[in-house]
Structure formats: C-alpha cells, structure tokens
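The values are calculated or read from the model by the stated rules, or taken from the named source; none is laboratory data. Model, not experiment: these values are computed from the prediction. Don't worry about glycine lacking a Cβ; one is built from the backbone with ideal geometry, like all the others, and counts go over all protein chains shown.
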Number of protein chains: 2
Amino acid sequence: MSNMRDVSRLDTLIGQSVAAIDTPALVIDLDAMERNLASMQSFAKAHSIMLRPHAKMHKSAHLALLQMQAGAVGVCVQKVSEAAVLAELGVGDIYVSNVVTALQKCEQLALISSQPEGQNASKTKLAVAADSLVGIAHLAQAMAQHAPAERLDVFVEIDVGQGRCGVSPGEAAVPLVQAISQSEHLRFAGLQAYHGRAQHLRSAAERRSAIAGVIEKVQATKAALQAAGFAVPLVTGAGTGSFIHEAASGVYGELQAGSYLFMDTDYAANEPDPAMPRFEHALFVKSQVISRQTTAGDDRAVLDAGHKSHAIDSGLPTIWAGHHADWEFFNGGDEHGILRGSSLPEIGDVVWLIPGHCDPTVNLHDAMIGVRGGLSKGHIERVIRVDTRGCLT
Amino acid sequence: MSNMRDVSRLDTLIGQSVAAIDTPALVIDLDAMERNLASMQSFAKAHSIMLRPHAKMHKSAHLALLQMQAGAVGVCVQKVSEAAVLAELGVGDIYVSNVVTALQKCEQLALISSQPEGQNASKTKLAVAADSLVGIAHLAQAMAQHAPAERLDVFVEIDVGQGRCGVSPGEAAVPLVQAISQSEHLRFAGLQAYHGRAQHLRSAAERRSAIAGVIEKVQATKAALQAAGFAVPLVTGAGTGSFIHEAASGVYGELQAGSYLFMDTDYAANEPDPAMPRFEHALFVKSQVISRQTTAGDDRAVLDAGHKSHAIDSGLPTIWAGHHADWEFFNGGDEHGILRGSSLPEIGDVVWLIPGHCDPTVNLHDAMIGVRGGLSKGHIERVIRVDTRGCLT
C-alpha cells in the first residue's frame, strides 16, 4: 500500500485490458484523441495558420510534445509554474498567454528563459502577456537581472469581449507597446486577443457574430499601433468554439485552441458549424456502481465518481453513447454520482462519463490512462502524467 | 526551477512573513483553526459523545493526528486510497464512512487492516460501511484471504434522507446485519446514518426538523434490528451543520463533522443555532491583483485565483472581513477571479478569499500554509501537506 501516491504504480497497468483500471479514473481514448489531433493540424495547415494549443487543458508534457511533433509551433500555458515544469520536461516553446505582474513571478520566467532546461538541454523559447506598465517594468527588471543576454517576447493583451484582463482595444495598447519597445530586454511580439465566452455561445451564428466583433477590435488596435509607428508581428488567440473564424479572418496568425484534443460535453453542446472539423469525445471518467437503491420511490444507481473526480463548473458530466440512452447523471456530492433512468446498471458495473469541462477535470487527477482499441474492449497503452496538475502560481 | 512540483520547496517559507507566500495559495489561520478544534472537542466532551472528524475535508495526516491528540477517537475518510495513505502516515484509527464494494478495493482494505503500518508500526484500526450483500460478501472474502486473523468492523449504511447510498430505514437493514454476523471475518459495528443535505438547510429550525426525521429513521432501524436479535453497538454520522441535534438525541454515539475545523462560506451562511459552538473562518486563498481595467464602463480588479484554486460547487468564494466591505467576487474562469466594488485594490495588492466549500478546495492543492499571528502580520509556522489529495479510488 506504500506507493498509493506514486503515479508510477499505474505503469503496471500497461498492456492490461480496460477492465484493470480502478475507479474512478481519467481515461483517454487514444484513437479518438489522435483523430482530433490530426483533424486540427490539417485544418491549421490548410489555412496556413500556426497552431499553439493550450496546455492548460491537458497539463501534460507528453501531449504537448505530441502536438508539436504533429506540427504545433509550441504550446500555451496560463501560469509561470506550468511553464517551469513543461520546460524542465523538454517542451521547448512555451507562451504564458496570461498577464504576469508580480516581480517574483517575472524573475521565475527570466530564469526559465535563461537556463538550458529539459531533456534536450537547449534553451526554452518563452513568451508572456502583459496589460500594464507595472507588469512590463517587472518583466524588464527581471530579465535585466537574470537573463541579460536574452530578449523576452511580450504580447499585449487586449480585451476583445471577455471582460477580464486586457486593455481596451485601440489606443490604450500604444503606451504598453512603447514601454516594451523601450526595454532592451523585451521584444513586442504582438497582440493577445482571446474571447473566452464567445467559445460557448450555442448557436453557430452567435459565435460567428461575436468573433466578427473581436476581429474589428483587433483591427482597430493594429491601426492605432501602426499610426504610432509600431508593426504588429502576430495576433494570437481563439479557442475550440471559434477558431474557424479567427483562422478565416486574415488577422490572426496563431490559434490557441486546446479542448479540441479531448472534446468535452460543454463544447459538444455547441451547434456545429459546417466549416469546423468534427472532434470526438476522447476523455472519459471510468466509474462504477457502488450502491443500487430504491428508497421512497427513487430508483437510482450510485457511482463512485463525484466532483472530486470531474469538474462541474460548466455542467455535470454526460453519459457515454455506448450506455443506455435514457440514463441521466445527477450530482451526488464530492465523491458520488447518481444515475437515474431505465435498466439501470448493478453494483460493480462500469459507467463511462464524459466530463463537462476538460481543463479543471484533468487538474483533479495525477494521471490519465491512455487506452487503445476503444472503451469496451481496448487495452492500456500508456499512462500519461498530469505534470502540471496543481501548478497554480 | 527544477523542484516546482516538490512540496518540500515550500518548507523554506517557514519563519517568513505572510508576504512571502506566492499566490494563489491555500493558507490556514492556525490560531483560528486551533480555537475551532478546541471548541468542537469541548462540545463533544460536554455531551459525552465521541468525535471522529472527517479527514475527507482536510486530507492531512498532520491534522488528523492533531484532532486525535485533542481527543478525537479517530477519523473518517471516503475512499480506500485515503485510508491507505493516512495509515501509512501513522493515523491509527480510520473509518471509511462510505460503501466499498469492488473486490479489488476490499482486498486493499484487508491489506491495510492486516499490516503494521505507519510510523508507530502498530496495526491500523479500520472500519468500513456497507449497504449491499455483494459488498459484504466481498469484504468477507477479502478479509478471509488477506487478513484471516482479523475482524473488520462494518457499519450498515441507512438512507436517512440524503437519497444516495444506504438501504431504507427499518427492516431492510436486517439481512445485511445477518450477513455481517455470519462472517467470522466481519463484525457488525453499528449504523452509518448521515444526512448531508440537512447540513446546509439555512434556517436553524429546518435543520432541527430534518434531523428529528433522521433520528426517527435511526430508531426505527434499531428497533427492527433489536426485534431480529441484533444489538446496535454504535450510531455514527452528523456534520458541521447539524451535529448539535445528533449529539442531543441520545441515539448517536459518534459525530463525523469535518468542516468545523476550517469553516467555509457555505456553512457560515447557515443561520446560527444558539446551542452550536461558534466556529471561525480558518481557511483562505491568498490571491493578488494581476490586472486592473475599466472597459466599457466595467471597473474591475482581476485576481490570479480561479476555480482551479477554489471549488465552486457550493458557491463562489467570499471576501475576507479585513477588506473593503462592498467588494464582490465574480467567477473569472479556471485561473482568474474578478473583483468589483468601490476603492478596488491595485496590481500586486493581496486579496484574501474564503472558499465556498473546504473539502474540494483543499483537494486542489498540494499544501496548506499554516500562518500564526493573523493574515495581515503573521508568520509562516508550518507547511501542511494535503497527503490524500487526488486519492480518488
């Protein structure tokens, strides 16, 4: 029992059948995932746009490197600690697509940027976002001190509708780009322009319309910068719900979509757009029935998976299509799920769940079990560590 | 950067001021926590009832041992893997207050029960819940094979209103107790009777009324068992919202409350009952402002804490009372929080959040930073590992 907290104990599963996976566990259908990977890369190639998938979603160096081998230029992360871990594990091109402002964090970034890291012992190509003069000053100060021979790529984040970080589109970006340009330790790399909420607008028309508004805001900002004498080397952004529009815009040079690899219930609830590649569900929670009760007329199967094994911020999990069509999942708290419907499963039966939202679901697990040959009859090919699980800082 | 994933890196914080804690981070106000610990133990002593706090909440061997040193008889957990880790770390009395049915998991339990574990190399006293004949058969089979010299304590779970696991109150418990009694490897330890939803009924009167119904169901089950010739050694259950009623019932012998130690926003929203000890907020997320924007009339401070650093299943975090009274927290996604109100803080300013729900919040972190002397001017006394974080199986 002594290695319960050691992920390497799971490696003994490799080669065994799906039945050997203890529950609850996060399972990747590798065949489906690889089809998603190929579809997205084909799309990017056909549209001559760079793909930089978001590793905040899968939090895995192995999957980041797989995406880069398939043609991605690098990956995004949201946190400096994520960048540190992925760099150490050999991911050579990482963009922190989030503003970093604390001096201590800027110093950590500078250290990653200056040091040969990872298995290949070459320097990590690093970039970061900024939306404030104080953030830019801290980045410049940290680079001057810890990586004086390097220039850090800095993207200016603009608020294109998300209402979170980012300066207003247009002239507000100019003083930031000026400040970046005035530092010999920083390089203005372009604009960070991501509209998160637009990803989950259900109708294809609404998403199209929202991204049209985004494009206008980006163009207004480019125009303001050009008027001030600054070229914009790159515009980066987009997610799994909207990337076809950014790709078609002629304005974006790089797509940051992440969820396409696993495809969760929330994204699958979007009305498909004919121009969008089809992605399949590739991430599942394997659960099993631990209790089968009918009390006070309530007939239910109780599962061993609750919201400590799947995030519920974007809705509850749904049920894999291989199960009975009328089963419905209800929240049973931290450690339980409740299944209602007809012909319910019995104690010990396996129930496959599709998470509502991949990113925070993956973050709850130490590992994802990669299965080849399907959920019913497949075997375990690989245990994929969630390397940056819990990397919050 | 190479030790980003190693919690021991945080030990260098010990002795430093609160300001040294990088954000976001989970912080315990040790003074407040110890007052909560003492209040709860005094209550149990005054009411001559055993306290077995739920370690699913704090997931820490250190805190489990602290509770036992203060007088708790042991702790509860929900998962076999949690029991394995806590046993290994020297927690000597553990009750898995959840049904365990899979043979593989029963075997793991039997192994913990049979082996000297932990720092004191004495056997771990173990118990588990059951609500099915198949679960009981698997427990008996596993004990016969792996711990033939031991008897495992088994509680029969009854559904006292939660509508999750547990047989109907009354005669449905009889065949289960019979099955337990017929195994030479199991011992009928009593009834598991917990009404989770009653904990969060907002009015004191509603909680009192709900638990009155619980007590009736327990008594009906005791009567049915006694009529069948079975004594009920112990009734165990109760949570932070209701324990005063179970303690006063004369029916319960053991309380399982867990959240009292940290006291989250959800429990604090309950109307206080005069009979209940007062508990203070002792668990906080330290966050900082990373962006300060006003776009389209929306004035906001953006924090570096989102729902990867605090669970939102029971509502969003609230703001520490030491801050401006009208600040309000809004969901900013996985990695961001948004603060609105007057006199908003600026980039770099610290904002202390009170999580909506302790249990799944703790599960998102590798460690909790224990602070002595208050959040404003205190120093870091101890780094408390979240030993069973991610123990899902």
- Message: Six or more apart or on different chains, Cβ atoms under 9 Å: show the pairs whose first residue is in segment A:296-314 and within 10 Å of A:Pro355 (Cα to Cα) and whose second is hydroxyl-bearing (Ser, Thr, Tyr) and in a loop (DSSP other than H, G, I, E, B).
- Response: A:Ser309/A:Thr23
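Of these, B:Leu109, B:Leu133, which one is within 11 Å of another protein chain (Cβ to nearest Cβ), out of contact with any Gly (no Cβ under 6 Å at 6 or more places or on another chain) and surrounded by fewer than 17 Cβ atoms within 10 Å (Cβ to Cβ)?
B:Leu133 is the lone residue from the list that is within 11 Å of another protein chain (Cβ to nearest Cβ), out of contact with any Gly (no Cβ under 6 Å at 6 or more places or on another chain) and surrounded by fewer than 17 Cβ atoms within 10 Å (Cβ to Cβ).
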- Task: With the checklist (1) touching a residue at least 40 places away in the same chain (Cβ under 8 Å); (2) of a type outside the set (D, E, K, R); (3) within 12 Å of another protein chain (Cβ to nearest Cβ); (4) farther than 12 Å from A:Val289 by Cα in hand, flag the one item A:Gly333 doesn't pass.
- Result: (1)
- The number of residues in segment B:89-119 that are in contact (Cβ under 8 Å) with a residue 24 or more places away in the chain and within 18 Å of B:Ala140 (Cα to Cα) is 19
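This table checks each residue for (1) among the small types (Gly, Ala, Ser); (2) touching a strand residue (DSSP E or B) at 6+ places or on another chain (Cβ under 8 Å).
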| site | (1), (2) |
| --- | --- |
| B:Thr12 | no, no |
| B:Leu26 | no, yes |
| B:Leu37 | no, no |
| B:Ala46 | yes, no |
| B:Ala55 | yes, yes |
| B:Ala64 | yes, yes |
| B:Ala70 | yes, no |
| B:Cys76 | no, yes |
| B:Glu88 | no, yes |
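Looking at A:Gly356, A:Gly378, A:Gly374, which one is at pLDDT 95 or above and more than 25 Å from the chain's Cα centre (by Cα)? Break it down into steps so the answer makes sense when it comes.
Numbers: A:Gly356 fails: more than 25 Å from the chain's Cα centre (by Cα); A:Gly374 fails: more than 25 Å from the chain's Cα centre (by Cα).
Of A:Gly356, A:Gly378, A:Gly374, the one residue that is at pLDDT 95 or above and more than 25 Å from the chain's Cα centre (by Cα) is A:Gly378.
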- Message: Looking for something over 28 Å from A:Gly163 (Cβ atoms) and among the hydrophobic types (A, V, I, L, M, F, W, C) - is there at least one such residue anywhere in segment A:92-109?
- Response: no
- Message: So for segment A:309-326 (the condition being in contact with a strand residue (DSSP E or B) (Cβ under 8 Å, 6 or more places away or on another chain), of a type in the set (Ser, Thr, Tyr) and either within 11 Å of chain B (Cβ to nearest Cβ) or closer than 25 Å to B:Ala172 by Cβ (or both)), does at least one residue qualify?
- Response: yes
- Looking at segment B:347-364, is at least one residue touching a Leu at 6+ places or on another chain (Cβ under 8 Å), within 8 Å of chain A (Cβ to nearest Cβ) and closer than 25 Å to A:Lys308 by Cβ? yes
- Message: Here are the criteria: (1) under 18 Å from A:Ile369 (Cα atoms); (2) more than 13 Å from every other protein chain (Cβ to nearest Cβ); (3) assigned to a loop (DSSP other than H, G, I, E, B). Tell me which single one A:Ile28 does not satisfy.
- Response: (3)
- Positions within segment A:282-308 being more than 7 Å from chain B (Cβ to nearest Cβ) and hydrophobic (A, V, I, L, M, F, W, C), in sequence order: A:Ala282, A:Leu283, A:Phe284, A:Val285, A:Val289, A:Ala296, A:Ala301, A:Leu303, A:Ala305
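Yes or no, residue by residue, for (1) free of Cβ contacts under 8 Å to residues at least 60 places away in the same chain; (2) under 27 Å from the mean Cα position of the chain (by Cα); (3) not in a strand (DSSP E or B):
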site	(1), (2), (3)
A:Tyr252	no, yes, yes
A:Ala257	no, yes, yes
A:Ala275	yes, yes, yes
A:Phe279	no, yes, yes
A:Ile290	yes, no, no
A:Ile347	yes, no, yes
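Can you confirm whether A:Val134 is part of a helix (DSSP H, G or I) and touching a Lys or Arg at 6+ places or on another chain (Cβ under 7 Å)? Reasoning before the result, please.
Working: part of a helix (DSSP H, G or I): yes; touching a Lys or Arg at 6+ places or on another chain (Cβ under 7 Å): no.
Considered against the rule, which asks whether it is part of a helix (DSSP H, G or I) and touching a Lys or Arg at 6+ places or on another chain (Cβ under 7 Å), A:Val134 comes out as no.
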- The number of residues in segment A:260-273 that are part of a loop (DSSP other than H, G, I, E, B) and among the hydrophobic types (A, V, I, L, M, F, W, C) is 3
- Item | Candidate set: segment B:55-88, residues that are of a type in the set (Gly, Ala, Ser) and within 14 Å of another protein chain (Cβ to nearest Cβ); chosen: the one nearest to A:Thr23 (Cα to Cα) | B:Ser81
- Task: Would you mind stating whether A:Asp304 is under 30 Å from A:Gln108 (Cβ atoms), surrounded by 17 or more Cβ atoms within 10 Å (Cβ to Cβ), acidic (Asp, Glu) and at pLDDT 95 or above?
- Result: no
- Residues B:Leu353, B:Leu375: which one is buried (at least 20 other Cβ atoms within 10 Å of the Cβ) and over 19 Å from B:Val75 (Cα atoms)? B:Leu353
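Quick check on segment B:45-71: of everything there that is crowded, with 23+ Cβ neighbours inside 10 Å and among the small types (Gly, Ala, Ser), which residue is farthest from B:Lys377 (Cα to Cα)?
First, pick out the residues of segment B:45-71 that are crowded, with 23+ Cβ neighbours inside 10 Å: B:51-61, B:63-64, B:67.
With among the small types (Gly, Ala, Ser) added as a condition, the list becomes B:55, B:60-61, B:64.
Working: B:Ala55: 29, B:Ser60: 26, B:Ala61: 28, B:Ala64: 27 Å.
Result: B:Ala55.
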- Query: Taking segment B:376-393 only, how many residues are touching an Asp or Glu at 6+ places or on another chain (Cβ under 6 Å) and either in a strand (DSSP E or B) or away from chain A (no Cβ under 11 Å) (or both)?
  - Reply: 1
- Task: Could you please tell me which pairs satisfy a Cβ distance under 7 Å, a separation of 6+ or placement on different chains, a first residue in segment A:165-191 that is within 13 Å of chain B (Cβ to nearest Cβ), and a second residue that is at pLDDT below 95?
- Result: A:Ser168/B:Thr295
- Note on the structure: Of the residues in segment A:1-40 that are free of Cβ contacts under 8 Å to residues at least 60 places away in the same chain and buried (at least 19 other Cβ atoms within 10 Å of the Cβ), the one that is farthest from the chain's Cα centre (by Cα) is A:Met4
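Quick one: would you say A:Val91 is in a loop (DSSP other than H, G, I, E, B), surrounded by 21 or more Cβ atoms within 10 Å (Cβ to Cβ) and more than 10 Å from chain B (Cβ to nearest Cβ)?
Numbers: in a loop (DSSP other than H, G, I, E, B): yes; surrounded by 21 or more Cβ atoms within 10 Å (Cβ to Cβ): yes; more than 10 Å from chain B (Cβ to nearest Cβ): yes.
Against the criterion (in a loop (DSSP other than H, G, I, E, B), surrounded by 21 or more Cβ atoms within 10 Å (Cβ to Cβ) and more than 10 Å from chain B (Cβ to nearest Cβ)), A:Val91 qualifies.
Residues checked against (1) away from every other protein chain (no Cβ under 12 Å); (2) more than 27 Å from the chain's Cα centre (by Cα); (3) surrounded by fewer than 20 Cβ atoms within 10 Å (Cβ to Cβ); (4) of a type outside the set (Ser, Thr, Tyr):
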{"residue": "B:His138", "(1), (2), (3), (4)": "no, no, no, yes"}
{"residue": "B:Val154", "(1), (2), (3), (4)": "yes, no, no, yes"}
{"residue": "B:Ala204", "(1), (2), (3), (4)": "yes, no, yes, yes"}
{"residue": "B:Ala212", "(1), (2), (3), (4)": "yes, no, yes, yes"}
- Query: Of the numbered conditions (1) under 18 Å from the mean Cα position of the chain (by Cα); (2) in a loop (DSSP other than H, G, I, E, B), A:Gly306 satisfies every one except a single condition; which is it?
  - Reply: (1)
- Item | Options A:Ile49, A:Ile21, A:Ile94; residue that is assigned by TED's automatic domain parsing to the domain that holds A:Asp304, at pLDDT 95 or above and among the β-branched types (Val, Ile, Thr) | A:Ile21
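Residues B:Ala296, B:Ala321, B:Ala301, B:Ala305: which one is at positive phi and not assigned by TED's automatic domain parsing to the domain that holds B:Ala72? Before you say what the answer is, go through the steps one by one.
Numbers: B:Ala321 fails: at positive phi; B:Ala301 fails: at positive phi; B:Ala305 fails: at positive phi.
Unique residue meeting the criteria: B:Ala296.
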- Note on the structure: Those residues of segment A:350-393 which are at positive phi and in contact (Cβ under 8 Å) with a residue 60 or more places away in the chain amount to A:Gly373, A:Gly374
